[in-house]
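Below is one structure, written out as structure tokens; the observations come after it.
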Amino acid sequence: MSISIERLRIWLLVGAGLLVVVIAAFLGYAHYRAHRFLTDLPKKLGIDIRRETNNVTYSQSLQGRTIYTIHAAKAVERQDGKMTLHDVGIVLYGRKQDRTDRIYGSEFEYDQSAGVVRAEGEVHIDLQAPQSNDANAKSDYAAGKDLQGLGSHAAGEHENKDDRLIHVTTSGLVFLQKLGVAATDKDIEFASGGMTGHAVGADYNSDTGVVVLHSAVKVNGLQHDRPVMLTATHAVLDRPGQTIVLSQAKYVSVGGQTGGGEGRTAAAQHVVVHLRSDGSAERVEADGEVTLTGAAGGNLVAPRGEAVLNAQNQPQSALMSGGVKYVADEPLRQAQGAAGEAHMAFDKKGHPEHAVMTGAVDLRERLRASDAATEPWTERELNAGTVDLALATDSAGKTLMRDVKATGDARLKAENPAAKSGTSRSEMSGDVLTAHFVRIGAADHITEVHGDGHTALRRVNATGVVTTSSADSMVAHFRPVAGMAGKGQQGKNGSFGGGGKDELADAVEQGHVVVTRLPVRKPGDAAAPTEERATAERAAYDGELERTTLTGKVQLSNGTSVLWADRVVTEQQTGDATADGSVKVSYGQVGSPQEPVHVLAANADLKHDSQIATFHGVAGKPARLWQGASQVDAPVLQFDQKERRLLAHGDGQGAPMAVHTVLVSSGASAKPDVAKADAAKADVAKAEMAKTGAASGKQGVVRVASRELVYSDAARKAEFTGGVEVDSRDGIMRSQQVVVYLQPAQAGKTSQSGGKADGVKPVAISGTAGGFMGGSVERIVATGRLEMQQPGRRATGDQLVYTASDGMFVLTGTAAALPKVADDQRGTVTGTSLRFHSGDDNIVVSNGENGSGQRVRTETRVKNRQ
């Protein structure tokens, strides 16, 4: 079959058309299949994307004010209705538009229906960022730009607020749009003002601006070149309320970068920090175990505390209340204290410079020079109603004590180790005590203490002697004692040494001074020692000499004796004393009804243990001792109270007749020779005896002048030596030595002291025992070149014995010089022994024994001329 060219051309054209249709169908089908593939691919891959948008910004407003703005560089809308946001910034302004906070991160999930924004991965938060009222600036800031440099208005207005910015880095953050709350339970890191911190878990309320850190809060950094650290178990930052609330908070400030300075620690269970408008801390309130460490060299603990800070976050003042406790435990210092409240003031650098403690203040301190096991501790204690401390800080940052003022029954006690055994203790008290301290080495030493109002000073030395004194005011100085450790050295009063040890150097008390001294009971003493008491207008204590000087109306007493003087110096160790100026002493005897022994002198030396007192007179005014009508005047009187013994003498060897003694003589009670006389002569004798008082027993006076007198009350004997003159109603007698024997005073007699004119009040005494030099003269024995003068006659011899009971004189001599009586009317009588009575002209002459041994007695009666 033949095919034409025309037909072939038609078939080719038809075939080409069919091919085009097939290809077009194939391509359409392929396009359809490709579209179906692309449409089903996200489902097969688990992707629910509906739409992608770049540079998305969403703002929420309330009453025309923007509450927050969300910006994302890219937003991907998903099938589940949520959106994935990339490069997100959320800016929160708060309902009052009073702050600008930003939350930003790489990726967030946004559930618009639920109003929840959830961060994926690391997220950042800027709190208290610079603000701007410019809408574009807000949008740019949400987009991640810094407000600094977004315009002159924004930068110029808020540049000075950059220091308030708090930058936070965390993860797992969830923002609840409806509640305006952002929260995470992950680790948090934050930084602000050069400080860095860490916490676990946080809440942030965009409406209130309150940030809550859940746990493990820790902040580190530098403040004034000092490393600081703050820890807490929980923290709440309320920026609108300008407070930070911390739980179980602890603030630590250590030494500076150079290593100097003391560390400071503050801790409490609950702390509220009040902030200034610039974000700096202005005031801190704390409750529950409030503890300050290092502020006063130890730990201060109280239930409540409050502190005021300056703009540089340095403390200006602090108050601790509710019962303050102070504790310090160091190798060389241990201290503890208690008070109701404690107020502290600080200098510009935050160093304590003033502290006031009130309410039953009790401070105790123990110090030692080294940490050797054998090193003794010294102790100090201060009690008062209020204690005011002036403090200072040295170049190393250590707190030093400068002045202490204690008021309200203030008491300062010190107990010091002695070198060998025992301790010495001292205690000062007064309405107000003010002490000044200086730093020597590593310890604060007391240098001076002032006391005002009802002051008292009590000292107990190492031997146990207790000395107390009280006055209207007092000033005491102390000196440090160094180098005691291991050397067994001590101060004069066994008091403090190095390492804060001090001893009392001197003390002056003035106004109504009362001093008491209680000696130590010695072994073998049956009775307890008697307290000795002194009063004066002024008392000055010398610690170097351990001597107290009393001046101004001084009076000393020990229970049995009293001394008055213008000035008295006493020795603390021995109890010995010297008295000057108008010295008056009265010696009594416990349980005795007798009048005391009185003494007047210009000055006196008193020995405590021996109870011997030496009294001195002055020219023209000798010392005087008397009891009742008996008395002794002499330049020097030495009275032994224990032995009841008296020694009287002149100032030197060449002082004849310097001792003047007055004794009582009752006269003769019997008239033996009158009975033998005839009636006429007896009448004459009676009349003469009545005239002199001898017959009636009338009391007379015997005056004795001598160079020296020794009297023993035990022997009732007075020995006069060195040339003696006796003047009595019976005449005047002179000899080299005279011994007078006394009788006890008669019972029921009342004696009136002759001291009234001398300023000592007379004392009425009634009793049976004989007093010191009391009682009448019993017997007189005079020896050595004797001369006796009576009216109308003169007697000489070597010895004369007078017996008061019968008024008898017995005059004897030697073989070379027989006794002799020369009568103006009767002539001279001599013999081996001459006996005669007072007031009687009769003389009995004895010639002694003859060679055969028989006694020859010759009596010669000399008659009175009528």
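The values are calculated or read from the model by the stated rules, or taken from the named source; none is laboratory data. Model, not experiment: these values are computed from the prediction. Cβ coordinates were reconstructed from backbone atoms using ideal geometry, including for glycine residues, and neighbour counts include every protein chain displayed. Just so you know, the surface numbers come from the protein's heavy atoms only, side chains and all, with ligands and any DNA or RNA stripped out. Shrake-Rupley method; radii C 1.70, N 1.55, O 1.52, S 1.80 Å.
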Query raised in the report: When the residues of region 185-240 are filtered to those that are among the charged types (D, E, K, R) and touching a residue at least 40 places away in the same chain (Cβ under 8 Å), which remaining residue is surrounded by the fewest Cβ atoms within 10 Å (Cβ to Cβ)?
Result: D207
Query - Pairs, first among the basic types (K, R) in region 775-787, second in a strand (DSSP E or B), C-beta under 6 Å, six or more apart - result: R779/Y741; R779/T803; R785/Q736
Query raised in the report: Has region 551-561 got any residue that is among the small types (G, A, S), within 26 Å of W626 (Cβ to Cβ), surrounded by fewer than 23 Cβ atoms within 10 Å (Cβ to Cβ) and in contact with a Lys or Arg (Cβ under 8 Å, 6 or more places away or on another chain)?
Result: yes
Query raised in the report: Can we say E532 is modelled with pLDDT of 80 or more, touching a Lys or Arg at 6+ places or on another chain (Cβ under 6 Å) and within 21 Å of V585 (Cα to Cα)?
Result: yes
**Report entry** Selection status of V583, assigned to a strand (DSSP E or B), β-branched (V, I, T), in contact with a Phe, Trp or Tyr (Cβ under 9 Å, 6 or more places away or on another chain) and under 21 Å from H598 (Cα atoms)
**Finding:** yes
Requested in this report: For residues that are within 19 Å of M773 (Cβ to Cβ) and surrounded by 20 or more Cβ atoms within 10 Å (Cβ to Cβ), scanning just region 605-616, find the one that is farthest from the chain's Cα centre (by Cα).
Outcome: F615
Requested in this report: Could you grab me the full set of residues in region 303-330 that are among the acidic types (D, E) and either in contact with an Asp or Glu (Cβ under 9 Å, 6 or more places away or on another chain) or within 12 Å of E285 (Cα to Cα) (or both)?
Outcome: E306
Query raised in the report: Can you find a residue in region 393-402 that is closer than 21 Å to T548 by Cβ, part of a strand (DSSP E or B) and within 17 Å of the chain's Cα centre (by Cα)?
Result: no
Query raised in the report: Is it the case that some residue within region 740-762 is at pLDDT 75 or above, of a type outside the set (S, T, Y), in contact with a strand residue (DSSP E or B) (Cβ under 6 Å, 6 or more places away or on another chain) and not in a strand (DSSP E or B)?
Result: yes
Query raised in the report: Of all the residues that make up region 797-828, how many are among the hydroxyl-bearing types (S, T, Y), over 19 Å from L742 (Cα atoms) and surrounded by fewer than 20 Cβ atoms within 10 Å (Cβ to Cβ)?
Result: 2
Query raised in the report: Has region 459-474 got any residue that is over 15 Å from the mean Cα position of the chain (by Cα), of a type in the set (S, T, Y), buried (at least 17 other Cβ atoms within 10 Å of the Cβ) and modelled with pLDDT under 85?
Result: yes
Query raised in the report: Can you find even one residue in region 415-427 that is closer than 20 Å to Y326 by Cβ, part of a loop (DSSP other than H, G, I, E, B) and open to solvent by less than 30 Å² (accessible area, probe 1.4 Å)?
Result: no
Query raised in the report: Looking at R118, R99, which is the one that is in contact with a Gly (Cβ under 6 Å, 6 or more places away or on another chain), at pLDDT 65 or above, of a type in the set (K, R) and within 26 Å of D187 (Cα to Cα)?
Result: R99
Report task. Report yes if N313 is modelled with pLDDT under 85 and touching a strand residue (DSSP E or B) at 6+ places or on another chain (Cβ under 8 Å), otherwise no. Result -> yes
Query raised in the report: Out of the residues in region 677-725 that are part of a loop (DSSP other than H, G, I, E, B) and open to solvent by 70 Å² or more (accessible area, probe 1.4 Å), which is modelled with the highest pLDDT?
Result: R707
Report summary line: Of the residues in region 66-84 that are part of a strand (DSSP E or B) and modelled with pLDDT under 80, the one that is farthest from the chain's Cα centre (by Cα) is T66
**Report entry** Positions within region 434-452 being aliphatic (A, V, I, L, M), under 18 Å from E503 (Cβ atoms) and either open to solvent by less than 40 Å² (accessible area, probe 1.4 Å) or at pLDDT below 85 (or both), in sequence order
**Finding:** A435, I440, A443, I446, V449
Report task. Take A577 and decide whether it is closer than 24 Å to A462 by Cβ and either of a type in the set (F, W, Y) or at pLDDT 70 or above (or both). Result -> yes
Query raised in the report: What is the residue count in region 530-550 for residues that are closer than 15 Å to D506 by Cβ, in a strand (DSSP E or B) and either open to solvent by 20 Å² or more (accessible area, probe 1.4 Å) or not β-branched (V, I, T) (or both)?
Result: 8
Query raised in the report: What number of residues within region 348-373 are within 17 Å of A390 (Cα to Cα), at pLDDT below 85 and either in a strand (DSSP E or B) or open to solvent by less than 70 Å² (accessible area, probe 1.4 Å) (or both)?
Result: 3
**Report entry** Of residues in region 374-388 being in a strand (DSSP E or B) and of a type in the set (S, T, Y), the one least open to solvent (accessible area, probe 1.4 Å)
**Finding:** T378
Query raised in the report: How about region 98-109: which of its residues are under 18 Å from T170 (Cα atoms) and open to solvent by less than 50 Å² (accessible area, probe 1.4 Å)?
Result: D101, R102, I103, G105, F108, E109
